[in-house]
Amino acid sequence: NAGVTQTPKFQVLKTGQSMTLQCAQDMNHNSMYWYRQDPGMGLRLIYYSASEGTTDKGEVPNGYNVSRLNKREFSLRLESAAPSQTSVYFCASSASLLTYNEQFFGPGTRLTVL
Amino acid sequence: ELKVEQNPLFLSMQEGKNYTIYCNYSTTSDRLYWYRQDPGKSLESLFVLLSNGAVKQEGRLMASLDTKARLSTLHITAAVHDLSATYFCAVGDNDKIIFGKGTRLHILP
């Protein structure tokens with residue numbers, strides 16, 4: 001099992017460009033999450049999907065959109081990138097509250113917006 | 001709104017010493033997590049604590065939970081250089097978990 005995979009690993013964008021970060025999990029988990037990590041800020045939740053067909057905003061959703069494409073895949077889109085979105089983005093998944101929602105993380109995408 | 005505070009945020013310690021990282025949270029929760037992150041890497045789950053008085057140990061790390069005080073501790077015994085990393089606590093909030101800012105631990109040989 002690959003666990004949680006993310007593409008790309010690195011990306012440089014210019015202000016105003018758009019891009020989509022891809023995330024997939026092969027653990028048959030119900031819930032998926034997108035976080036951003038900035039120095040000294042810990043991880044902040046952008047959006048999450050508690051189950052296929054649902055998405056909800058987290059702490060810092062502005063400037064982002066998400067799509068839960070199917071049970072395996074959850075993508076994060078930046079429509080018009082800004083320098084403030086320079087960050088490391090992590091995708092995570094968890095089975096359900098029955099398994100205490102322990103989250104498993106992907107390797108991350110390092111995004112720089114110039 | 002659930003808030004999670006860790007302290008200290010930075011810790012430099014000598015090998016062989018003991019130390020404790022503290023995690024306080026602001027509202028009732030039924031689960032607490034500890035994660036480890038090495039520089040440039042992803043997060044690795046260490047412990048899941050589910051009930052008051054829960055204690056879990058793995059090697060030189062021991063985590064405990066006091067739900068009445070809304071406090072968890074991560075205790076390091078006889079630290080070794082390999083434990084240098086950033087440690088995050090996170091607290092369950094319905095379908096989500098809320099992370100603390102992390103404790104960057106540097107263990108000097």
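The values are calculated or read from the model by the stated rules, or taken from the named source; none is laboratory data. Because the structure is predicted, anything quoted here is derived from the model rather than measured. Cβ atoms come from the backbone with ideal geometry, glycine included; neighbour counts cover every protein chain shown. Only protein heavy atoms, including side chains, enter the accessible area calculation; ligands, DNA and RNA are left aside. Shrake-Rupley method; radii C 1.70, N 1.55, O 1.52, S 1.80 Å.
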### All positions within the range A:33-51 that are within 19 Å of A:L69 (Cβ to Cβ), of a type outside the set (S, T, Y) and in contact with a Gly (Cβ under 8 Å, 6 or more places away or on another chain)
A:W34, A:I46
#### Entry: Some residue of the range A:65-73 being crowded, with 16+ Cβ neighbours inside 10 Å and within 11 Å of another protein chain (Cβ to nearest Cβ)
no
### Query
Hey, does the range A:81-99 have a residue that's within 12 Å of chain B (Cβ to nearest Cβ), crowded, with 17+ Cβ neighbours inside 10 Å and either farther than 27 Å from B:F47 by Cα or among the basic types (K, R) (or both)?
no
### Query
Of all residues in the range A:31-42, how many are modelled with pLDDT of 90 or more, within 9 Å of chain B (Cβ to nearest Cβ) and surrounded by fewer than 24 Cβ atoms within 10 Å (Cβ to Cβ)?
2
### Matching entry among A:P83, A:P61 (being under 13 Å from the mean Cα position of the chain (by Cα) and either at pLDDT 90 or above or closer than 20 Å to A:M27 by Cβ (or both))
A:P61
### Message
Which numbered condition in (1) out of contact with any His (no Cβ under 8 Å at 6 or more places or on another chain); (2) farther than 25 Å from A:S49 by Cβ; (3) of a type in the set (V, I, T); (4) open to solvent by less than 60 Å² (accessible area, probe 1.4 Å) is the only one that B:T20 fails?
### Response
(1)
### Task
Report yes if some residue within the range A:101-114 is away from chain B (no Cβ under 14 Å), open to solvent by less than 10 Å² (accessible area, probe 1.4 Å) and under 14 Å from the mean Cα position of the chain (by Cα); otherwise report no.
yes
### Query
Here are some residues: A:L45, A:L76, A:L21. Which one is open to solvent by less than 30 Å² (accessible area, probe 1.4 Å), facing chain B (nearest Cβ under 10 Å) and either touching a strand residue (DSSP E or B) at 6+ places or on another chain (Cβ under 7 Å) or under 22 Å from B:K41 (Cα atoms) (or both)?
A:L45
### Query
Does any residue of the range B:87-105 turn out to be modelled with pLDDT of 95 or more, open to solvent by 30 Å² or more (accessible area, probe 1.4 Å) and either touching a Lys or Arg at 6+ places or on another chain (Cβ under 8 Å) or more than 12 Å from chain A (Cβ to nearest Cβ) (or both)?
no
### Task
Being surrounded by 13 or more Cβ atoms within 10 Å (Cβ to Cβ) and more than 30 Å from A:R110 (Cα to Cα) is the filter; apply it to the range B:32-55 and report the residue that is modelled with the highest pLDDT.
B:L49
### Message
Considering only residues that are crowded, with 19+ Cβ neighbours inside 10 Å and more than 24 Å from A:S94 (Cα to Cα), which ones fall in the range B:71-82?
### Response
B:I76, B:A79
### Query
Which one is most open to solvent (accessible area, probe 1.4 Å), of the residues in the range A:55-64 that are closer than 22 Å to A:Q17 by Cβ and of a type outside the set (G, A, S)?
A:N62
